[in-house]
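Each value in this text was obtained by applying a stated rule to the coordinates, not by laboratory testing. Not measured: the values here are computed from a predicted model. Virtual Cβ from ideal backbone geometry, glycine too; neighbours counted across all protein chains shown.
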């Protein structure tokens with residue numbers, strides 16, 4: 001029997017890539033999984049592939065950068081499922097540019113999706129988690145939180161995720177709510193597939209594991225952090241980078 005049986009989990013940015021694999025792993029762990037994404041057509045295909053019966057995976061279109069859309073979506077979730085036990089904030093985008101060429105739109109769009117969205121979703125679940133005295137929140141940061149050329153907006157957003165995570169962990173730990181982050185490195189996803197080959201080679205050379213990661217390897221860490229196996233892990237950021245951050 002899975003370790004998340006009877007748990008209700010919400011995963012954002014779950015139509016593909018890391019989010020899809022996280023949803024798949026939580027499903028395997030026994031949870032009922034609500035998957036959110038702005039691309040509902042792709043989200044429905046993902047839900048059908050993961051759970052043909054439609055009993056355990058429930059797709060819901062949501063623009064997590066829009067506070068009103070988030071509020072409406074979570075209201076519908078509570079109406080149908082009554083509670084949320086697990087929240088995985090995975091939604092993220094890139095709009096890369098050197099800083100001196102970066103537009104205000106590139107800056108704000110990345111901050112809105114990658115960081116402000118977590119403010120909206122966490123505010124939607126934390127009051128209920130506090131009331132039930134239980135909750136698991138995992139926020140997806142990145143190895144780029146340390147800074148990365150051409151990614152001032154992305155790096156700032158992912159560094160902000162860490163500050164938010166640690167603050168929420170401190171504020172809610174007494175209510176048996178754990179809030180942790182993960183920092184993936186170079187992972188084989190749609191977001192990284194279009195990177196120039198020389199960039200991919202350099203990233204691989206800088207990774208002691210000598211390769212890019214698989215989304216399932218990220219999902220396995222989320223599985224740990226959303227289960228009671230991690231009951232005394234709070235406010236942490238776990239690097240899932242093959243050792244990239246050690247270099």
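According to the square roots a ≥ b ≥ c of the eigenvalues of the Cα gyration tensor, what is the shape class of the range 115-247, taking rounded for a/c under 1.5, prolate for a/b larger than b/c otherwise, and oblate for the remainder? Walk me through the intermediate numbers first.
Values: a/c = 2.50, a/b = 1.87, b/c = 1.34.
Verdict is prolate for the range 115-247.
Could you work out how far helix 117-132 tilts from the main Cα principal axis of the chain, as a 0 to 90 degree angle to the nearest 10?
30
Suppose a student asked you for the relative contact order of the range 102-247, using Cα pairs under 8 Å spaced at least 6 residues apart; what percent would you report? Before the final figure, lay out the partial values.
Working: 210 pairs, mean separation 39.4, N = 146.
Normalised by residue count, the contact order of the range 102-247 is 27 percent.
Just grab the label-to-label distance for residue 130 and residue 201, each label 7 Å out from Cα along the Cβ direction, in nm (one decimal).
According to this spin-label approximation, the distance is 5.3 nm.
Could you give the nm distance between label points at residue 109 and residue 236, where each point is 7 Å from its Cα heading toward the beta carbon?
Going by the 7 Å Cα→Cβ label model, 3.7 nm.
How far is helix 215-225 tilted, in degrees, relative to the longest principal axis of the Cα atoms in the chain, given as a value from 0 to 90 rounded to the nearest 10?
50
Just how far, in whole angstrom, is the range 4-55 from the range 122-201 if you go by their alpha carbon centroids?
19
At a threshold of 8 angstrom on Cα-Cα distance, excluding pairs fewer than six apart, so keeping six or more, what relative contact order does the range 8-240 reach in percent? Write out the running numbers ahead of the final one.
Numbers: 436 pairs, mean separation 46.3, N = 233.
It comes to 20 percent, rounded to a whole number.
Given N residues in the range 32-119, what is Rg(Cα) / (2.2 N^0.38 Å)?
Working: Rg = 15.2 Å, N = 88, 2.2 N^0.38 = 12.1 Å.
Rg over 2.2 N^0.38 Å, computed on Cα atoms: 1.26.
Once the Cβ-Cβ distance between residue 224 and residue 5 is put in as r, and R0 is 22 Å, what FRET efficiency do you end up with, to the nearest 0.05? Working shown, then result.
Values: r = 16 Å, r/R0 = 0.74.
Computed FRET efficiency for residue 224 and residue 5 comes out at 0.85.
Relative to the first principal axis of the alpha-carbon coordinates of the chain, what is the inclination of helix 40-50, with its axis defined by its Cα atoms, in degrees from 0 to 90 and to the nearest 10?
Value to nearest ten degrees: 70.
Sort 12-24, 206-218, 77-89 by the packing proxy (mean of other Cβ within 10 Å over each peptide's residues), most packed first.
Per-residue Cβ counts within 10 Å, averaged per peptide and sorted highest first, yield 12-24, 77-89, 206-218.
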